[in-house]
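Novice: Attaching a single structure in structure tokens format; questions to follow.
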Amino acid sequence: MSAVGVIDKCASILALIAGNALSGAEVCTRLGMSRSTGYRLLQALEEHRFIERGASGDFVLGPFPTNRPTADVREVLTAIRNVTGESVQLWMRHGELRACVLSVESLNELRISKSAGSALPLADGGSAALALLGPVDGHELYLTQQARRAGTGSASVAFTAGSEALAVCVSFPLARMPADVEGDIARHLRQAAGVLGDTLPGSEALTILRAVAEASTVQ
């Protein structure tokens, strides 16, 4: 493997872990790496403190480098999670796929989860897919029930950041679907879409999120 190839693979690993804590096996599977190559690179990145083990034992970004460009984006998603009590994802359109580029999970034992680094066809449905196929205006709300999995629902608002189309999504068990989706969820999604639509264009965070989307959709 050439030096450039090693750097490219390490960059892909860091971009993937930037959005979500992952095990070594998950990193290798999502990036299509052999276990021997993947674990060798993970060990090197850990030794140089680019990554470290989180409380769960999975890999998370380490203290070096200290700048975390996506921290502000995660803070926006976490604020929605704290208000709604449900899991929140940020999706980015990549061709005819949508990639989850950042995820904050609900603290409830029963929760709907989708890890960063996941990719789904837009044709599969779901509120984020519908939003990304819509006007992407930062306002229109898309709400689905049992679109992809029984007993689940989600609500999404899509927005643009530069040339990218993204959707912020709240997913929930139908048993906890609020009676007033507009008041309890939609206004928070629109506010987040406005903030991210203003702050992401031209930022390092958007570059990282784009890299996560590209790594997620590698066939």
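Novice: Just from its helices, what would the mean residue ellipticity at 222 nm be for the chain, if runs of 4 or more DSSP H residues each count -39500 (n - 2.57) and the sum is divided by every residue, rounded to the nearest 500 deg cm²/dmol?
Specialist: That comes out to -12000 deg cm²/dmol.
Novice: How much length, in nm to one decimal, is gained on full extension between residue 78 and residue 53, taken as 0.36 nm per residue of separation minus their Cα-Cα distance? It would help to have the intermediate numbers written out before the result.
Specialist: On the way: separation 25, 0.36 × 25 = 9.00 nm, distance 2.14 nm.
Extra length available between residue 78 and residue 53 comes to 6.9 nm.
Novice: Taking the number of other C-beta atoms within 10 Å as the exposure measure, put 7, 80 in order starting with the fewest.
Specialist: Least to most surrounded, the residues fall as 7, 80.
Novice: Roughly how many nanometres apart are two label points built 7 Å out from the Cα toward the Cβ at residue 60 and residue 149?
Specialist: 2.3
Novice: Would you mind counting up the charge near residue 216? Only other residues with Cβ under 13 Å from its Cβ, with Lys and Arg at +1 and Asp and Glu at -1.
Specialist: Taking every Cβ under 13 Å from that of residue 216, the sum is +3.
Novice: Now, a different point. Provide the FRET efficiency to the nearest 0.05 for the residue 182-residue 11 pair, computing r from the beta carbons and using R0 = 41 Å.
Specialist: Working from the Cβ atoms, E equals 0.50.
Novice: Which order do 148, 30 fall in if you start with the one that has the fewest other Cβ atoms within 10 Å?
Specialist: On the way: 148 15, 30 22.
With the fewest neighbours first, 148, 30 line up as 148, 30.
Novice: Net charge near residue 91, counting Lys/Arg +1 and Asp/Glu -1 over other residues with Cβ under 10 Å of its Cβ?
Specialist: Counting the neighbours of residue 91, the net charge comes to +3.
Novice: Sticking with this structure for a sec: I need the calculated FRET efficiency for the pair residue 191 and residue 29, taking r as the beta carbon distance and R₀ as 35 Å, to the nearest 0.05.
Specialist: FRET efficiency, residue 191 to residue 29: 0.50.
Novice: Please name whichever of 173, 115, 38 sits farthest to the positive end of the charge dipole of the chain, dipole taken about the Cα centre and charges placed at Cβ: Lys and Arg +1, Asp and Glu -1.
Specialist: 38
Novice: Is segment 122-219 best put as rounded, prolate or oblate by its Cα gyration tensor, with a ≥ b ≥ c the root eigenvalues, rounded for a/c under 1.5, and otherwise prolate when a/b is larger than b/c, oblate when not?
Specialist: It comes out oblate by the Cα gyration axes.
Novice: Give, as a single signed number, the net charge of other residues whose beta carbon lies under 14 Å from the beta carbon of residue 165, with Lys and Arg counted +1 and Asp and Glu -1.
Specialist: Numbers: positive: 93, 98, 210; negative: 96, 137, 140, 164.
Residues close to residue 165 contribute a combined charge of -1.
Novice: I would also like to ask the following. Using Cβ contacts closer than 10 Å as the measure, can you line up 101, 136, 83, 73 from fewest to most?
Specialist: The fewest-first ordering by Cβ neighbours comes to 83, 136, 73, 101.
Novice: Now, a different point. Could you size up the charge dipole of segment 66-120 around its Cα centre, putting +1 on the beta carbon of Lys and Arg and -1 on that of Asp and Glu, and report it in debye to the nearest 20? Can you show the working numbers first?
Specialist: Values: 7 positive and 6 negative charges, 24 e Å.
Charge dipole, segment 66-120, about its Cα centre: 120 debye, nearest 20.
Novice: Sticking with this structure for a sec: Rounded, prolate or oblate, given the Cα gyration tensor of the chain, with a/c below 1.5 counting as rounded?
Specialist: prolate
Every read-out reported here was derived from the displayed coordinates using simple, explicitly stated rules and does not represent laboratory data. This structure is a prediction, so every number in the text was calculated from the model and none was measured. Methodologically, a virtual Cβ is constructed for each residue, glycine included, from the backbone with ideal geometry; neighbour enumeration extends over all protein chains shown.
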